[in-house]
1. Provide a single number: the residues in segment 19-28 that are within 20 Å of G150 (Cβ to Cβ) and either modelled with pLDDT under 75 or of a type in the set (S, T, N, Q) (or both).
2. Limited to segment 168-179, what total is found for residues that are in a helix (DSSP H, G or I) and open to solvent by less than 20 Å² (accessible area, probe 1.4 Å)?
3. Regarding K37, is this residue of a type outside the set (S, T, Y), modelled with pLDDT of 70 or more and more than 28 Å from G239 (Cβ to Cβ)?
4. Might you check whether a residue that is part of a helix (DSSP H, G or I), at pLDDT 75 or above, under 30 Å from A283 (Cα atoms) and open to solvent by less than 80 Å² (accessible area, probe 1.4 Å) occurs anywhere in segment 58-70?
5. So which residues in segment 254-285 are surrounded by fewer than 10 Cβ atoms within 10 Å (Cβ to Cβ) and closer than 19 Å to L132 by Cβ, if there are any at all?
6. Give me the pairs, please: first residue somewhere in segment 146-161 and over 19 Å from F26 (Cα atoms) and at pLDDT 95 or above, second residue anywhere and open to solvent by less than 10 Å² (accessible area, probe 1.4 Å) and in a helix (DSSP H, G or I), beta-carbon distance under 6 Å, and either six or more positions apart or on two chains.
7. Filter segment 98-110 down to the residues that are buried (at least 21 other Cβ atoms within 10 Å of the Cβ) and modelled with pLDDT of 75 or more, then identify the one that is farthest from H15 (Cα to Cα).
8. Among the candidates A140, A165, A182, which residue alone is over 20 Å from the mean Cα position of the chain (by Cα), surrounded by 22 or more Cβ atoms within 10 Å (Cβ to Cβ) and part of a helix (DSSP H, G or I)?
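The values are calculated or read from the model by the stated rules, or taken from the named source; none is laboratory data. All figures in this text were calculated on a predicted structure; none of them were measured in a lab. Quick reminder, even Gly has a Cβ in these numbers, built from the backbone with ideal geometry, and neighbours come from all protein chains shown. Note: areas computed on protein heavy atoms with side chains; ligands, DNA, RNA excluded. Shrake-Rupley method; radii C 1.70, N 1.55, O 1.52, S 1.80 Å.
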Amino acid sequence: MTASLAATIRERVQHIEIMPAIPAVFLPLLQLLSSSKEDVKVDEVVRLVSYDSTIAAQCLRMMASPLFGLAQPPKSIKGAVISLGLRRVETMLLTCCLGQAFPAKKWALDPAVFWRHSLGCAMVCRKFSEKLATADAEEAYMGGLLHDIGFMVNCLVFSKEFAAAMERACQEGIPLDEAERATMGFTHCETGQALAVEWKLADEVVEVIANHHAIEQSQRAQPLVALVHLSDLLCRMRGLGYGYYERHKVDLIADPAWAILLKEHRDLDGVDLVRFTFELDEAVEEIHALVSTVLGSAPART
């Protein structure tokens, strides 16, 4: 990517931050997510969410989902924080904000399909990380949720170019990042990285966004990048992709990301991958239901 193209991406990304469609609590929540766990206070989260009744109500609807396994869904944001834990609630709130942040009319990629994949990947990342003793499940969830945020940038500020890339991907059955590179000269990884830097996301999340399709380029947090990469592939294998058929075959164990993750987490060697993918299949319907809750309507199945 040329210096002039990189400058164009940065310039266009700067306008996204001030778009009125983004809820007022969104950027403050991002700042909270970038803080250490010890620095984040429950009351601060509750105070932020109380400013936006729509976000609060949507978050509470999400918490009623069977995905979170609560016998009695919380009736208040503070109750949810206590029941589910601060970090999980923060990522759920961020999900709700993102779910209404961008106008659907500009999307070349169906918003329902995009959010189904993003939320699905976040949940797979968490499920995957829970099988690894030293992995941070909520950090993995955040990486999975935001890994494709560059698609938002492409839909909003490179809409014509991205529409052509999307059409090419559908016609040729190739991965969307390959179609972007061939058609646009850059991908959602570069635009997502620019947005993540503009929004001052945590360095590890920026690494995931920038390198989940090129793990070898990751200079830090490589195991997290590898975990998100594999979870992304698992979702696309299980019908949680981008709404079209990708013809390429996937062998997770032969993927370089598997070796990277195995080196960091030796207990991965004992994971029954067949059983794990079967567990994911069982969770697919619940993921669809959660996306429907976030978007307010049922997404199209593919």
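1. Residues flagged as within 20 Å of G150 (Cβ to Cβ) and either modelled with pLDDT under 75 or of a type in the set (S, T, N, Q) (or both) within segment 19-28 amount to 3.
2. Counting residues in segment 168-179 that are in a helix (DSSP H, G or I) and open to solvent by less than 20 Å² (accessible area, probe 1.4 Å) gives 3.
3. no
4. Yes, segment 58-70 contains a residue that is part of a helix (DSSP H, G or I), at pLDDT 75 or above, under 30 Å from A283 (Cα atoms) and open to solvent by less than 80 Å² (accessible area, probe 1.4 Å).
5. Matches in segment 254-285: D269, G270, V274, R275.
6. Partner pairs satisfying both residue conditions: none exist.
7. Once the filter is applied, the top-ranked residue is L109.
8. Going through A140, A165, A182 in turn, just one is over 20 Å from the mean Cα position of the chain (by Cα), surrounded by 22 or more Cβ atoms within 10 Å (Cβ to Cβ) and part of a helix (DSSP H, G or I): A165.
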